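The values are calculated or read from the model by the stated rules, or taken from the named source; none is laboratory data. Quick caveat: nothing in here was measured; it's all calculated off a predicted structure. As a convention, Cβ positions derive from the backbone with ideal geometry for all residues, glycine included, and neighbour counts pool all protein chains shown.
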Amino acid sequence: MQKHQPLSLEEIKKLRKPLRNVNIERKQKLKKLDKLALWITNHVGTMGFFIIIFIWTVCWLGWNALSPPSLRFDPFPAFVLWLFLSNMIQIFLMPLIMIGQNLQSSHSEARAEADFDVNTKAENEIETILMHLENQNKLIVQILEHIDKKQ
């Protein structure tokens, strides 16, 4: 009679993979150095960090350009120490930021994969519901036809 028998609720539950919280899984897998890289990435990319670096640079350059010559520790126009420290900060921050971005990217990919799993489950359940509704519709039509024949 019927080609496709819809899955029962118990059959759907057996096919369902358990949901997982990707955020918790990723946090548990992070090593201490990974957490440090993420912390640095999250804090260096803020306006607060920019303001700190800007104020530090203005103070450094201002002191060494405007203070009495005997108090200058990195005098104008060379600013060799300032350039050295600025380059050192850049050299250390660049790889740390890249590591943090790679970790964030892999976390994003894991979240996308989990979203795909949830969407696949929802699609399967919607298909089953539609099959049940279609089956009920056929049964209602058969009942109505049967009632019409009796009248």
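Some notes on this structure:
- Of all residues in region 19-36, those satisfying the criterion of being modelled with pLDDT of 85 or more and either touching a Lys or Arg at 6+ places or on another chain (Cβ under 7 Å) or within 29 Å of Gln90 (Cβ to Cβ) (or both) are Leu30, Lys31, Lys32, Leu33, Asp34, Lys35, Leu36.
- Of all the numbered requirements in (1) touching a residue at least 12 places away in the same chain (Cβ under 8 Å); (2) closer than 30 Å to Ile126 by Cα, Trp82 misses one, and that requirement is (2).
- Selection within region 8-51 - without any contact (Cβ under 8 Å) to a residue 40 or more places away in the chain, assigned to a helix (DSSP H, G or I) and farther than 30 Å from Trp82 by Cα: Leu9, Glu10, Glu11, Lys13, Lys14, Ile24, Lys27, Gln28, Lys29, Lys32
- Unique match (being among the aliphatic types (A, V, I, L, M), in a helix (DSSP H, G or I) and touching a Pro at 6+ places or on another chain (Cβ under 9 Å)) among Ala122, Ala65, Ala110: Ala65
- Selection of region 95-111 for residues being more than 30 Å from Leu15 (Cβ to Cβ) and either in contact (Cβ under 8 Å) with a residue 60 or more places away in the chain or surrounded by 11 or more Cβ atoms within 10 Å (Cβ to Cβ) (or both) yields Leu96, Ile97, Met98, Ile99, Gly100, Gln101, Asn102, Leu103, Gln104.
- Only residues that are aliphatic (A, V, I, L, M) and at pLDDT below 85 were counted across region 116-151, and they come to 0.
- Checked against the criteria, Phe84 does not count as under 33 Å from the mean Cα position of the chain (by Cα), modelled with pLDDT of 85 or more and in a helix (DSSP H, G or I).
- Just one of (1) among the small types (Gly, Ala, Ser); (2) surrounded by fewer than 11 Cβ atoms within 10 Å (Cβ to Cβ); (3) in contact with a Lys or Arg (Cβ under 9 Å, 6 or more places away or on another chain) fails for Ala114. It is (2).
- Test for Phe54: is it part of a helix (DSSP H, G or I), out of contact with any helix residue (DSSP H, G or I) (no Cβ under 9 Å at 6 or more places or on another chain) and more than 30 Å from Glu125 (Cα to Cα): yes
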